[in-house]
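The values are calculated or read from the model by the stated rules, or taken from the named source; none is laboratory data. Since the model is a prediction, treat every value here as computed from it, not as a measurement. In this analysis, Cβ positions are derived from the backbone assuming ideal geometry, glycine residues included, and neighbour counts consider all displayed protein chains.
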Amino acid sequence: MSLKNKKAIIIGCGIVGPSLGIALKHVGINSKIFESSKSTPDFGILSFTSNAISALKALDMFESFQTNSTPGTCFYKHSGKILKTPNFFQELKKHNINDGITIFRSHLIQVLKDKAISNGIQINFGKKLVDIQEEPDKIIANFTDGTNAEGDFLIGCDGPFSKTRNIILPNSPSPTYTGNIWTGVDLGIYTKFDLVPNAFHMTFGKKAYSGTLTFSDKHTVWWTNVPCSENDLHKFNEMSAEDWTTKLIELHKDDHPRMVDSIREGKNKHVRIPLYDIPHLPTWHKNTVCLIGDAAHATSPYVGQGAAMAMEDAVILAMCLRDIPDVNDAFTKFEKLRKKRTEKIVKTSQQSGKFMTASNPFKQALRNLLLPVTISASIKKLNWIFSYKLDWSEKIK
Ligand SMILES: Cc1cc2nc3c(=O)[nH]c(=O)nc-3n(C[C@H](O)[C@H](O)[C@H](O)COP(=O)(O)OP(=O)(O)OC[C@H]3O[C@@H](n4cnc5c(N)ncnc54)[C@H](O)[C@@H]3O)c2cc1C
């Protein structure tokens with residue numbers, strides 16, 4: 001018996017939702033996607049290392065982004081003095097790992113959605129999951145607008161604050177706040193900074209860790225990590241755009257003028273995203289419902305792996321559903337194949353975040369001293385993340 005004639009309900013059309021729809025289609029399973037919002041998120045960029053590129057290739061999508069190569073990363077002290085580190089991507093190459101690419105989040109999601117639609121997958125917007133009913137022969141997803149959808153199994157692709165997770169695993173741990181709010185701005189075509197294009201320019205500011213990326217056409221984005229206690233989160237989120245801009249200027253006033261220039265240039269347009277992760281859930285599935293992507297293992301962005309893991313999940317879950325005739329067994333196998341890796345990446349990102357965003361001056365000095373000499377070894381140590389390859393021809397048993 002195969003699951004080929006079964007119908008999947010996918011909740012969420014961020015990164016992993018449409019990726020899963022495409023991967024399921026690849027193995028002959030039809031799905032429908034239900035997304036709460038009506039628009040595509042329009043913030044930030046995503047850096048993809050070779051494991052994410054392997055997932056894009058498996059989804060037959062790499063060609064859309066092939067030209068987005070980002071061959072370098074430079075690190076700077078707060079003053080703008082460059083830290084003489086070996087080139088990150090050159091180091092990766094030494095370990096036979098391809099170049100990285102950088103993609104605007106909104107572009108990636110648009111391309112994923114277009115591909116899903118061209119594969120015949122229906123995407124329904126403005127459908128916010130509120131409840132799930134499991135019956136012996138079907139599963140029903142109920143939405144806040146009073147409508148519902150029926151299928152044979154349901155996959156929660158609804159991000160770190162997953163409603164699907166709350167419904168099937170009500171006692172599971174909540175996402176953990178990391179202590180930083182990510183904020184940034186798209187400066188558009190911006191010629192003021194004379195930075196090497198297509199490279200990440202990361203600055204260890206006195207009070208915040210910040211980045212600038214300029215593409216070859218001078219399209220420039222800037223972002224920073226604002227330290228904030230959990231108690232102050234509400235206050236910071238509620239701050240007016242003007243007050244937020246003032247706060248950012250204050251945060252970076254002792255750093256290289258590029259920071260304050262970026263803040264002023266993007267005045268009042270800075271997106272604010274409190275960063276959460278999910279280091280561990282006791283399980284990812286129950287009966288005919290399973291969680292993938294950030295809903296199962298949200299991570300902080302310090303090793304740039306959340307979307308990569310999400311797309312890896314999509315391909316592996318589709319392979320499990322292709323090769324294992326029982327949905328629940330397929331979910332069990334999927335969790336077994338993915339949990340160890342994803343939990344280890346979440347932990348690695350936590351550690352990297354602590355190192356990169358250190359606020360104690362002694363730790364900052366030590367980091368600036370150590371980074372140039374340890375980066376090669378660190379990349380080698382992280383090879384297990386980047387060298388992960390997906391192969392449709394592999395049989396899942
Ligand atoms: C600042 C930042 C930088 C990052 N940089 C990188 C990077 O460089 N590389 C990388 O690989 N990863 C990066 N990530 C991580 C990456 O963005 C996430 O891991 C990825 O978005 C996870 O995809 P997802 O589809 O699981 O969740 P999401 O992208 O969060 O999508 C979930 C979707 O579900 C929808 N939804 C939520 N609730 C409901 C509901 N009740 N009903 C219906 N729909 C619902 C949401 O509207 C959303 O569209 C970064 C993250 C951040 C915050």
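Scoring Cys157 on the criteria (1) surrounded by 18 or more Cβ atoms within 10 Å (Cβ to Cβ); (2) more than 10 Å from the ligand (Cβ to nearest atom) leaves a single failure, condition (2).
When Lys138, Lys115, Lys163 are checked against the criterion of being under 13 Å from Ile33 (Cβ atoms) and either without any contact (Cβ under 8 Å) to a residue 12 or more places away in the chain or among the basic types (Lys, Arg) (or both), Lys115 stands alone in meeting it.
Ile139 - would you say it is under 22 Å from the mean Cα position of the chain (by Cα), among the hydrophobic types (A, V, I, L, M, F, W, C), outside the structural domain of Lys269 (by TED's automatic domain parsing) and on the phi < 0 side of the Ramachandran plot? When the stated conditions are applied, Ile139 does not pass them. The residues on offer are Asn166, Asn198, Asn180, and the sole one that is modelled with pLDDT of 95 or more, in the same structural domain as His252 (by TED's automatic domain parsing) and within 16 Å of the ligand (Cβ to nearest atom) is Asn180.
Taking the conditions (1) modelled with pLDDT of 95 or more; (2) part of a helix (DSSP H, G or I) in turn, Leu366 satisfies each one other than (1).
Return yes when Ser210 is under 30 Å from Thr288 (Cα atoms) and either surrounded by 20 or more Cβ atoms within 10 Å (Cβ to Cβ) or in contact with a helix residue (DSSP H, G or I) (Cβ under 8 Å, 6 or more places away or on another chain) (or both) and no when it is not. So Ser210 fails the test. Those helices (runs of 4 or more DSSP H) of the stretch 269-362 in which at least 3 residues are out of contact with any Leu (no Cβ under 9 Å at 6 or more places or on another chain) and more than 10 Å from the ligand (Cβ to nearest atom), considering only elements entirely within it, cover 327-356.
Answer yes if at least one residue in the stretch 1-9 is of a type outside the set (D, E, K, R), in contact with a Pro (Cβ under 7 Å, 6 or more places away or on another chain) and surrounded by fewer than 18 Cβ atoms within 10 Å (Cβ to Cβ), and no otherwise. The answer is yes; a qualifying residue exists. Quick check: is even one residue across the stretch 327-339 without any contact (Cβ under 8 Å) to a residue 12 or more places away in the chain, within 22 Å of Thr288 (Cα to Cα) and among the charged types (D, E, K, R)? Yes, some residue in the stretch 327-339 is without any contact (Cβ under 8 Å) to a residue 12 or more places away in the chain, within 22 Å of Thr288 (Cα to Cα) and among the charged types (D, E, K, R). Residues that are out of contact with any Asp or Glu (no Cβ under 8 Å at 6 or more places or on another chain), closer than 24 Å to Gly353 by Cβ and without any contact (Cβ under 8 Å) to a residue 60 or more places away in the chain number at least 2 in the following strands (runs of 3 or more DSSP E) confined to the stretch 195-260: 209-214, 219-227.
Per-residue answers, yes or no, for (1) within 20 Å of Leu317 (Cβ to Cβ); (2) more than 15 Å from the ligand (Cβ to nearest atom); (3) surrounded by fewer than 18 Cβ atoms within 10 Å (Cβ to Cβ):
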position: Ile15; (1), (2), (3): yes, no, no
position: Ser37; (1), (2), (3): no, no, yes
position: Asp60; (1), (2), (3): yes, yes, yes
position: Glu63; (1), (2), (3): no, yes, yes
position: Thr70; (1), (2), (3): no, no, no
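Of all residues in the stretch 116-132, those satisfying the criterion of being within 15 Å of the ligand (Cβ to nearest atom) and not in a loop (DSSP other than H, G, I, E, B) are Ala116, Gln122, Ile123, Asn124, Phe125, Leu129, Val130, Asp131, Ile132.
Criterion applied to Ser359, Ser300 was being over 22 Å from Cys13 (Cα atoms), in contact with a strand residue (DSSP E or B) (Cβ under 7 Å, 6 or more places away or on another chain) and of a type in the set (Gly, Ala, Ser), and the one residue passing it is Ser359. Comparison of Ser229, Ser300, Ser262 shows that the only residue that is of a type in the set (Gly, Ala, Ser) and surrounded by fewer than 20 Cβ atoms within 10 Å (Cβ to Cβ) is Ser229. In summary, strands (runs of 3 or more DSSP E) completely within the stretch 1-112 and bearing 1 or more residues that are among the β-branched types (Val, Ile, Thr) and either at pLDDT 95 or above or within 30 Å of Asp145 (Cα to Cα) (or both) occur at 7-11, 30-35. Here Gly28, Gly44 are screened, and the one residue that is more than 24 Å from Asp131 (Cα to Cα), more than 18 Å from the chain's Cα centre (by Cα) and either within 13 Å of the ligand (Cβ to nearest atom) or surrounded by fewer than 17 Cβ atoms within 10 Å (Cβ to Cβ) (or both) is Gly28. Among the residues of the stretch 1-13, those identified as away from the ligand (no atom under 13 Å from the Cβ) and hydrophobic (A, V, I, L, M, F, W, C) are Met1, Leu3, Ala8.
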